[in-house]
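Please read the structure below before turning to the comments.
Since every read-out is calculated from the coordinates, none of them should be taken as a lab result. Remember, it's a predicted structure, so these values are computed and weren't measured experimentally. Ideal geometry is used to build each Cβ from the backbone, glycine not excepted, and the neighbour counts take in all protein chains shown.
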Amino acid sequence: MNILERIKKDHDTLRSLLDKAEEAEGKEVFEELQRELWAHAKAEETIFYAALAQAKTAKMETVEGLNEHHMINTLLDELNAMPAEGIAWKAKLQVLGELVRHHLDEEEEEMFEDAEKALDDKRSTELGALYADRKKHAMAALEPLPKG
Ligand SMILES: [Fe+2]
Ligand SMILES: [Fe+2]
C-alpha cells in the first residue's frame, strides 16, 4: 500500500471510532479513539507532512494541518479531564467530531492532490512502509496499562 492508501484506511477507522464514541457510554471507546488519533497524527506528521513540506506547493496545507492536530489534542486533553457524562461532555465530543471530520476530509481533498503531484509511485510506496512502521511503534507505546 502507498502512503495515501494507508492514511485513507486510518481515516476510515477514525471516522468509525468517532461514530461509536458519540453513541457510547463511558470513556472506553473515546480512549481507543484518542490512541488512534495520537498515533495517526504522529506518523502523519513525521512521515507524510515532512515529505509534503519539501514540495513547496503543499507548505501552507501542512502548517494548517499541524494547527488542526494541535487543536484536536487540546480538545482531547479537555475531554480527558472531564467525566464522560452530561451536556458538557456531549457538546465537547461533538466539537471534536466536527473538527476531526473536517480535518480528515480536507487532508483527503487537498493534501492527497498535492501528494500525487509531488511523490512518484516508488516514493509513495516507500513512505507507506515508513508510515506503517512509525504508526505501529506509536500504537505500541500508547497501549493502556492492564487493569487491576
Ligand atoms: Fe491529520
Ligand atoms: Fe490524517
Would you work out the charge dipole size for the chain about its Cα centre, treating the Cβ of every Lys and Arg as +1 and the Cβ of every Asp and Glu as -1, and quote it to the nearest 20 debye?
520 debye
Using 7 Å Cα-to-Cβ label points, what is the V95/A140 separation (nm, one decimal)?
3.7 nm
Rounded to whole Hz and in sequence order, give me ³J(HN,Hα) for segment 49-55 from the Karplus expression 6.51 cos²θ - 1.76 cosθ + 1.60, θ = phi - 60°, writing x for Gly and Pro.
4, 4, 5, 5, 4, 6, 8
Expected 222 nm ellipticity per residue - DSSP helices of 4 or more, -39500 (n - 2.57), all of the chain, to 500:
-25500 deg cm²/dmol
Pull out the extension gain between D133 and T74, defined as 0.36 nm times the separation in residues minus the alpha carbon to alpha carbon distance; nm, one decimal.
18.7 nm
Using only the C-alpha atoms of segment 70-148, find the volume of their convex hull and express it per residue in Å³.
111 Å³
Gain upon complete extension [A88, K117; 0.36 nm per residue less C-alpha separation]:
6.1 nm
Once the dipole of the chain is set up with Lys and Arg at +1 and Asp and Glu at -1 on Cβ about the Cα centre, which of M139, L99, A21 lies farthest towards its positive end?
M139
With a cut-off of at most 15 other beta carbons within 10 Å, and DSSP calling the residue loop, which GluC sites (Glu not before Pro) in segment 1-60 qualify? Please list them.
E25
Calculated FRET efficiency, T125 and A81, Cβ-Cβ r, R0 35 Å, to nearest 0.05?
0.30
Cross-link list K42/K90; K9/K122; K56/K92; K27/K92; K56/K136; K8/K90: which exceed 24 angstrom alpha carbon to alpha carbon?
K42/K90; K56/K92; K56/K136; K8/K90
